[in-house]
Amino acid sequence: MRTRPALISLAAFALISLGESTGATHDVDVAIIQWFGTWRTPGLIAVMQFCSMIGNWKVEVPFALGVSIFLWTRSRRTSAGRYFLFCIAGEALYAVAKQLFHRERPTVLSHLSDAGWYSYPSGHSLMAPVIWSAGLVLLSQHASSTWIKRTLFVLAVIIPLAIAKSRVYLGVHYPTDVLGGLALGMCWVFLWWDAVSGPDCSSRQIASS
């Protein structure tokens, strides 16, 4: 467990949650959404809808399955199973967090993407580090070149940020929704990263045989 970064992420989530619960961030939230609205163009809308789409479970579930299968074929069966369970547990965390806060969706701009139940924290933003960042870093451990490894690391950072930004741009989340989601998602990653990415018992058995 990466204790220090996990605690920092959890503290960030707690502060954002306090601001959201007390209404202290409401005016800033609304102002930022309105500012995003001034940048709406057909081209950018299409880009942001694509970014939002890759944060949907219809894309993330196949990706998580693909990463798990890939690890399994590389004799990392423990890591494969743990990664998939880690993703499922992240979904449960997201559901519990939504129920705790009961924040309604913003109505500042028209919604240009799917919007489910409560708004805080953003499920897309919470699950992006869990599914995409963790999955891409796991894949990078098997990269055949330094260039591929670096590319996967960059994508592990860019994809969650792009997903989070798209949710605000498309009018379905407040900025604090996505910031809180990212913070809680990163906390979850840091809590379980060593268990998910650590040495695999099957790999050790193969190496010693």
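The values are calculated or read from the model by the stated rules, or taken from the named source; none is laboratory data. Because the structure is predicted, anything quoted here is derived from the model rather than measured. Cβ: placed from backbone, ideal geometry, glycine included. Neighbour counts: every protein chain shown.
Observations on the model:
- Where Gly116 falls short, out of the listed (1) over 23 Å from Phe84 (Cα atoms); (2) in a helix (DSSP H, G or I): (2)
- Selection of segment 69-97 for residues being part of a loop (DSSP other than H, G, I, E, B) and either in contact with a Phe, Trp or Tyr (Cβ under 6 Å, 6 or more places away or on another chain) or surrounded by fewer than 20 Cβ atoms within 10 Å (Cβ to Cβ) (or both) yields Arg74, Ser75.
- Some residue of segment 20-37 being free of Cβ contacts under 8 Å to residues at least 24 places away in the same chain and over 19 Å from Asp177 (Cβ atoms): no
- Contacts under 6 angstrom Cβ, first residue in segment 87-102 being under 15 Å from Ala183 (Cα atoms) and touching a residue at least 24 places away in the same chain (Cβ under 8 Å), partner of a type outside the set (A, V, I, L, M, F, W, C) and not in a helix (DSSP H, G or I), 6 or more apart: Ala97/Pro121; Lys98/Tyr118
- In segment 40-82, the residues that are within 20 Å of the chain's Cα centre (by Cα), modelled with pLDDT of 95 or more and among the aromatic types (Phe, Trp, Tyr): Phe50, Phe63
- Within segment 72-84, residues that are within 15 Å of Val189 (Cβ to Cβ) reach partners that are among the hydroxyl-bearing types (Ser, Thr, Tyr) and part of a helix (DSSP H, G or I) with beta carbons closer than 6 Å, at six or more positions or on different chains, in the pairs Tyr83/Ser68; Phe84/Ser68.
- Here Leu109, Leu100 are screened, and the one residue that is modelled with pLDDT under 95 and in a loop (DSSP other than H, G, I, E, B) is Leu109.
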